[in-house]
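Have a look at the structure below before the remarks.
The values are calculated or read from the model by the stated rules, or taken from the named source; none is laboratory data. Keep in mind the model is a prediction, meaning the values are calculated, not measured. Note: accessible area is taken over every heavy atom of the protein model, side chains too, but ligands, DNA and RNA are not part of it. Shrake-Rupley method; radii C 1.70, N 1.55, O 1.52, S 1.80 Å.
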Amino acid sequence: MDENSEEDEQERKKRLKREANRRSAQLSRQRKKAFVEDLKAKNAEYLHARSVLACHPDAVFATDGSGVIAYANPAAAKRAHADATRLTGTSFPNLLDQDSRRRFVAALRESEGAPPSTSISLGGPLQLMKNGALEVTVECAAAPRPDAPEERFAVAAGRAPR
């Protein structure tokens, strides 16, 4: 009987272990499913925002905190005489004339200590170097990235004067 009770105890432990593993796997699948659904929702929001910006007639440049272009809509690419995908990853200040570049870089530096969503004063419109007719009148904001609050970004938008 001692042998049978010992075998029964081992079987019971194995059964409990299998049940625990099944529960753990089920919870893991549920978490993974929720994560995937969340990513799908965020991606849909991103695609919607991107499509809205792509249709906007104003040139829109979004940069990271160091001025590297993270996004340029088709109007921005047209005004910069470049392809939007080629603009991504390039330095926005390098597209500006010397005075505009100095003011933009100074504004980015100033934004480093500013609270989130603080407007940056640029002291007037920015001029793209390749097309002096384009005044990029900027309402430039420094804000934390939603996915990385310690990182900042800036958005510059404008159109050619009429």
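Check cross-link reach from residue 42 to the lysines: straight Cα distance under 18 Å, and skip same-chain residues fewer than eight apart.
Straight-distance partners of residue 42: 32, 33.
With all protein chains present and a 1.4 Å probe, how do 85, 63, 90 order by accessible area, largest first?
Result, largest first: 85, 90, 63.
What does the convex hull of the alpha-carbon atoms of the range 1-40 project to on average, in nm²?
2.0 nm²
Starting from the Cα of residue 78, draw a straight line to each of the lysines and keep only those under 27 Å, dropping any in the same chain fewer than 8 residues away.
Within reach: 130.
What figure, in Å² to the nearest 10, do you get for the accessible area of residue 7 with a 1.4 Å probe and non-protein molecules left out?
100 Å²
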